[in-house]
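Okay, so here's the structure we're looking at.
The values are calculated or read from the model by the stated rules, or taken from the named source; none is laboratory data. Quick caveat: nothing in here was measured; it's all calculated off a predicted structure. Glycine also receives a Cβ, built like all others from the backbone with ideal geometry; neighbour counts cover every protein chain displayed.
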Amino acid sequence: MTQIKPAVLVARAIFPEVLDKLRQHFDVTSNDGDELWSPQEFAQKLQGKAGVLTTGAERVGPELLAACPELRIAANMAVGYNNFDIAAMTARGVQATNAPDVLTETTADFGFALLMATARRIAESEHYLRAGKWTRWSYDMFAGAEVHGSTLGILGMGRIGQAIARRGALGFGMKVIYHNRSRLDAATEAACQARYVSKDELLQTADHVMLVLPYTPDNHHTIGAADIARMKPTATLINIARGGIVDDAALAQALREQRIAAAGLDVFEGEPKVHPDLLTVPNVVLTPHIASATLPTRLAMAMLAADNLIGYLIEGKALTPLNHPASA
Ligand code: 8YV
């Protein structure tokens, strides 16, 4: 007797090997053309589907859940999950999963790369060279900020924050301070060589401020004009967390007025749109949300999302659950 396979939707174009794996267990609808669906189109594509693989951008909230009563699981191929309304999913009996751990070191590498590029003015000086403006050397040309031996302030000390702390302390001899919702245990602090401080102390003393905290409504504009004003005029600000954590308009103004030295941003409020003022200031390095973008890591993230669909819908247990809905 042939069993009917559960139907799942893959919301964006994805690795063929991930689709092949899913097809062993499911009737898969993929988005090979990588179309960007409106919320209405997404709800329509989800009709009759038991599961969906999302990329971190597709919103799963009360409206979608009401329109898709057969949905049982949404598996994000992202560690961040602010596109999910977890309370609404739990209330509807829908399992939510994310993709932690597999991207930690790659994302930390990128955080450091963006810090280096920002502090040492790599993007700005490369544009200068490409524009044919380099006619002679001078002692202070594109002089940047020291990275080694400086003070690194990390806001948000989860797995990625800790991986960045290790790079800073062990690789670059930085003094690492951090602020987090809850303080780490002594052994983890020692492994990261990181000292817990208040948010204000972090902003006031760090030479480089690195944002690695999850987006929640409480964290909206956690770095606003008043927070930027507390930073040293020589400091840099790096955001690899989520758009909306920084008030991008306030940051652009502070950069323009050189109230801080520079910023490196991989995430933006309302991305892929970027605040127009950020595009016109020279002392900011801008990248299009690529902190986890190596093919091995992206494959591991997608495979973990697929394994969550298989684990939950076929074997009855998600690997990296974010909630425990009653029907789970
Ligand atoms: C993803 C991310 O690439 O994992 C996250 O939270 O921000 C990135 O690694 C992005 O969310 C798309 O999936």
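A few remarks follow.
- Count of residues meeting criterion [touching a residue at least 60 places away in the same chain (Cβ under 8 Å), touching a helix residue (DSSP H, G or I) at 6+ places or on another chain (Cβ under 7 Å) and more than 16 Å from the ligand (Cβ to nearest atom)] in the range 305-320: 1
- Qualifying residue in the range 249-264 (condition: within 16 Å of the ligand (Cβ to nearest atom) and either at pLDDT below 95 or assigned to a loop (DSSP other than H, G, I, E, B) (or both)): no
- Within the option set A326, A302, being farther than 14 Å from T107 by Cβ and within 12 Å of the ligand (Cβ to nearest atom) holds for one residue only, A302.
- Condition check for P282: in a loop (DSSP other than H, G, I, E, B), exposed (fewer than 15 other Cβ atoms within 10 Å of the Cβ) and either β-branched (V, I, T) or touching a residue at least 60 places away in the same chain (Cβ under 8 Å) (or both): yes
- Within the set N82, N98, N76, the sole residue that is more than 14 Å from R298 (Cα to Cα), within 11 Å of the ligand (Cβ to nearest atom) and buried (at least 16 other Cβ atoms within 10 Å of the Cβ) turns out to be N82.
- Selection count where residues are surrounded by 18 or more Cβ atoms within 10 Å (Cβ to Cβ) and farther than 30 Å from Y128 by Cβ, scope the range 159-179: 9
- A single member of R130, R159 is within 25 Å of V246 (Cα to Cα) and charged (D, E, K, R), and it is R159.
- The range 265-279, residues that are surrounded by 15 or more Cβ atoms within 10 Å (Cβ to Cβ), within 15 Å of the ligand (Cβ to nearest atom) and not in a strand (DSSP E or B): D266, V267, F268, E269, E271
- Residues located in the range 66-95, provided they are within 27 Å of V267 (Cα to Cα) and free of Cβ contacts under 8 Å to residues at least 40 places away in the same chain: A74, N83, D85, A87, A88
- Taking the range 40-157 as the region of interest, the strands (runs of 3 or more DSSP E) fully inside it that hold 2 or more residues being not assigned by TED's automatic domain parsing to the domain that holds I240 are 51-54, 73-76, 95-97.
- Single residue of the range 195-233 satisfying the filter (polar (S, T, N, Q) and surrounded by fewer than 14 Cβ atoms within 10 Å (Cβ to Cβ)) that is nearest to the chain's Cα centre (by Cα): T216
- Any strands (runs of 3 or more DSSP E) falling wholly within the range 191-248 and containing at least 3 residues that are of a type in the set (D, E): none
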